[in-house]
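> Let me begin by handing over the structure; questions about it come next.
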Amino acid sequence: MGGRACRVSAAACGRLGWSLIYTHPLPAELNQTTYITNCGIDFMERHLAEHPDRPFMCHMSYVNPHDPYDPPEPYDTMFAPEEMPDPLPQAWRDIGVYEHHRHHFHRFDQFAADVRNVRRMRAMYHGSIRLIDDQISRVVRFLEERGLAENTIICFTTDHGDMMGDHGLITKGAMHYDKSARVPLIVWGSDTARGLVSDRLTTSLDLFPTLCQWGGAGLLPPHEGRTLLPVLHGEPDPDPWQEITVQVLGSRSIITAEGWRLSLLKPDRCGQMFHLVNDPDEQRDLYGQAEAWPIQAELMERHVYAYMRAMETWRYERLPLDGGRPMMPGPTMATPLEPAYPGNDD
């Protein structure tokens with residue numbers, strides 16, 4: 001794509017090889033975030049023209065905000081680096097998987113030694129988020145202009161966060177700090193309680209049964225998630241999570257409804273344990289501390305059982321067949337799965 005305008009000082013770029021912060025050379029109207037939105041709106045336009053009476057589901061999967069941190073103009077200057085908060089301090093020591101990541105990810109350890117670099121990176125990250133905000137506004141306006149806003153549900157979420165220099169780390173992966181593991185979940189539409197904010201422990205596994213129920217699907221194949229519909233309707237949750245799991249390669253964690261995070265880091269044969277309510281910045285690691293042994297023992301047991309849940313869930317492709325249709329597991333194995341739309345087996 002030609003030359004890239006690096007916004008870190010030329011000396012720093014040359015010394016560190018840090019080429020992940022720059023203004024994207026293409027204008028905002030040609031940015032991939034805008035392009036993905038264009039494709040989504042084009043799909044909805046074509047669907048409404050060809051099948052005006054049929055419902056649709058449009059999935060727009062944005063790449064940004066993500067490294068490289070490269071919003072186009074004018075989003076690259078919308079946020080001032082000096083107004084960005086400083087990163088949370090690094091409290092961990094001697095965790096090899098963390099040290100390896102910060103050292104080998106474009107030598108982030110050297111780049112982050114100057115906090116001004118981190119503030120600049122954060123400002124550019126915010127610019128990419130603002131571009132997404134503006135594009136989602138286009139989607140909402142499209143639905144309003146077509147008279148679909150009161151009969152459509154918009155669900156916004158992400159697959160991970162970004163450490164953004166907090167705890168001396170960057171991007172995602174084996175580090176399960178809150179800034180990496182927590183993701184937004186915003187649901188808007190006529191089938192939701194307006195203005196509701198829920199602190200219900202939720203996992204991305206819950207999206208599958210929730211979206212299937214919204215779409216009118218009948219009996220669902222085996223799944224690990226729990227529907228969010230009661231919560232979104234403002235009703236009591238009949239089956240709340242007590243703990244959810246996070247796993248990346250050799251790092252496995254549980255996060256509990258009471259606000260604990262227990263992580264086991266297999267490469268280093270060590271762990272971390274934080275109480276996210278009393279210590280939201282995760283600065284006081286209680287793993288292995290004598291005063292926390294009772295809760296650590298309890299969390300270790302819950303950790304084992306939480307990861308056993310996946311083994312109790314039937315895999316769809318291994319369900320026995322009856323007349324060509326998968327059979328749901330049960331006492332008699334006699335409940336065939338029906339297609340979501342009768343007469344359409346695709």
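The values are calculated or read from the model by the stated rules, or taken from the named source; none is laboratory data. All values reported here derive from a predicted model rather than from experimental measurement. When we count neighbours, we look across all protein chains shown, and the Cβ atoms used for this are built from the backbone with ideal geometry, even at glycine.
> Checking the condition over 28 Å from PRO320 (Cβ atoms) and not assigned by TED's automatic domain parsing to the domain that holds VAL304, which residue from VAL231, VAL248 passes?
VAL231
> While we're on this one: Check region 146-163 and report whether any residue there is outside any helix (DSSP H, G or I), of a type outside the set (A, V, I, L, M, F, W, C), in contact (Cβ under 8 Å) with a residue 40 or more places away in the chain and surrounded by 18 or more Cβ atoms within 10 Å (Cβ to Cβ). First the steps, then the outcome.
Narrowing region 146-163 to residues outside any helix (DSSP H, G or I): 146-148, 152-163.
Next, only the ones that are of a type outside the set (A, V, I, L, M, F, W, C) stay: 146-147, 152, 157-162.
Now restrict to residues that are in contact (Cβ under 8 Å) with a residue 40 or more places away in the chain: 146, 157, 159, 162.
With the extra rule that they be surrounded by 18 or more Cβ atoms within 10 Å (Cβ to Cβ), the set shrinks to 162.
For region 146-163, residues outside any helix (DSSP H, G or I), of a type outside the set (A, V, I, L, M, F, W, C), in contact (Cβ under 8 Å) with a residue 40 or more places away in the chain and surrounded by 18 or more Cβ atoms within 10 Å (Cβ to Cβ): present.
> Do you know which residues across region 20-49 are among the small types (Gly, Ala, Ser), more than 23 Å from the chain's Cα centre (by Cα) and more than 14 Å from ASN64 (Cα to Cα)?
ALA49
> If we keep just the residues of region 214-223 that are of a type outside the set (A, V, I, L, M, F, W, C) and surrounded by 15 or more Cβ atoms within 10 Å (Cβ to Cβ), which is farthest from TYR316 (Cα to Cα)?
Taking region 214-223 and keeping what is of a type outside the set (A, V, I, L, M, F, W, C), we get 215-216, 218, 221-223.
Imposing the further condition that a residue be surrounded by 15 or more Cβ atoms within 10 Å (Cβ to Cβ) reduces the set to 221-223.
On the way: PRO221: 6, PRO222: 6, HIS223: 9 Å.
If we take residues in region 214-223 being of a type outside the set (A, V, I, L, M, F, W, C) and surrounded by 15 or more Cβ atoms within 10 Å (Cβ to Cβ), then HIS223 is farthest from TYR316 (Cα to Cα).
> So which of ALA306, ALA292 is touching an Asp or Glu at 6+ places or on another chain (Cβ under 8 Å), surrounded by 15 or more Cβ atoms within 10 Å (Cβ to Cβ) and either modelled with pLDDT of 75 or more or outside the structural domain of VAL97 (by TED's automatic domain parsing) (or both)?
Going through ALA306, ALA292 in turn, just one is touching an Asp or Glu at 6+ places or on another chain (Cβ under 8 Å), surrounded by 15 or more Cβ atoms within 10 Å (Cβ to Cβ) and either modelled with pLDDT of 75 or more or outside the structural domain of VAL97 (by TED's automatic domain parsing) (or both): ALA306.
> Would you mind stating whether ASP178 is among the acidic types (Asp, Glu), closer than 21 Å to ALA257 by Cβ, in contact with a Leu (Cβ under 9 Å, 6 or more places away or on another chain) and modelled with pLDDT of 95 or more?
So ASP178 fits the description; yes.
> Then there is this: Report whether or not VAL115 is closer than 30 Å to ASP53 by Cα and in contact (Cβ under 8 Å) with a residue 12 or more places away in the chain.
No, not satisfied.
> Looking only at region 87-107, count every residue that is at pLDDT below 95 and either in contact with a Lys or Arg (Cβ under 8 Å, 6 or more places away or on another chain) or not in a helix (DSSP H, G or I) (or both) and tell me the total.
Counting residues in region 87-107 that are at pLDDT below 95 and either in contact with a Lys or Arg (Cβ under 8 Å, 6 or more places away or on another chain) or not in a helix (DSSP H, G or I) (or both) gives 5.
> Check region 198-213 and report whether any residue there is within 30 Å of ASP285 (Cβ to Cβ), charged (D, E, K, R) and buried (at least 18 other Cβ atoms within 10 Å of the Cβ). Walk me through how you get there before you give the answer.
Taking region 198-213 as the starting set, the residues that turn out to be within 30 Å of ASP285 (Cβ to Cβ) are 198-206.
Pick out the ones that are also charged (D, E, K, R) and you get 199-200, 206.
Still in the list and also buried (at least 18 other Cβ atoms within 10 Å of the Cβ): 206.
For region 198-213, residues within 30 Å of ASP285 (Cβ to Cβ), charged (D, E, K, R) and buried (at least 18 other Cβ atoms within 10 Å of the Cβ): present.
> Related question: Being touching a strand residue (DSSP E or B) at 6+ places or on another chain (Cβ under 6 Å), farther than 30 Å from ALA174 by Cβ and in contact (Cβ under 8 Å) with a residue 24 or more places away in the chain: is that true of ASP70 here? Walk me through it before giving the result.
Working: touching a strand residue (DSSP E or B) at 6+ places or on another chain (Cβ under 6 Å): yes; farther than 30 Å from ALA174 by Cβ: no; in contact (Cβ under 8 Å) with a residue 24 or more places away in the chain: yes.
No.
> Pick from region 1-53 the residues that are assigned to a strand (DSSP E or B) and modelled with pLDDT of 50 or more: which of them is farthest from ARG116 (Cα to Cα)?
Restricting to residues being assigned to a strand (DSSP E or B) and modelled with pLDDT of 50 or more, the top hit is THR23.
> Also: Can you tell me which residue in region 54-86 is surrounded by the most Cβ atoms within 10 Å (Cβ to Cβ), limited to those that are part of a helix (DSSP H, G or I) and of a type in the set (Ser, Thr, Tyr)?
So, considering only residues that are part of a helix (DSSP H, G or I) and of a type in the set (Ser, Thr, Tyr), the one surrounded by the most Cβ atoms within 10 Å (Cβ to Cβ) is TYR75.
> Within region 181-198, identify whether any single residue is of a type in the set (Ser, Thr, Tyr), in contact (Cβ under 8 Å) with a residue 60 or more places away in the chain and part of a loop (DSSP other than H, G, I, E, B), and answer yes or no. Break it down stepwise before answering.
Kept after step one, since they are of a type in the set (Ser, Thr, Tyr), are these residues of region 181-198: 190, 192, 198.
Of the ones still in play, those that are also in contact (Cβ under 8 Å) with a residue 60 or more places away in the chain are none.
No: region 181-198 contains no residue that is of a type in the set (Ser, Thr, Tyr), in contact (Cβ under 8 Å) with a residue 60 or more places away in the chain and part of a loop (DSSP other than H, G, I, E, B).
> Something else now. Could you figure out which of (1) within 18 Å of the chain's Cα centre (by Cα); (2) touching a residue at least 24 places away in the same chain (Cβ under 8 Å) isn't true of PRO240?
(1)
> May I ask you to list pairs of residues, at least six apart or on different chains, whose Cβ atoms are under 8 Å apart, with the first in region 37-56 being farther than 17 Å from ALA149 by Cβ and the second being at pLDDT 95 or above and assigned to a helix (DSSP H, G or I)?
Listed by first residue and then by second, the contacts come to ARG54/HIS47.
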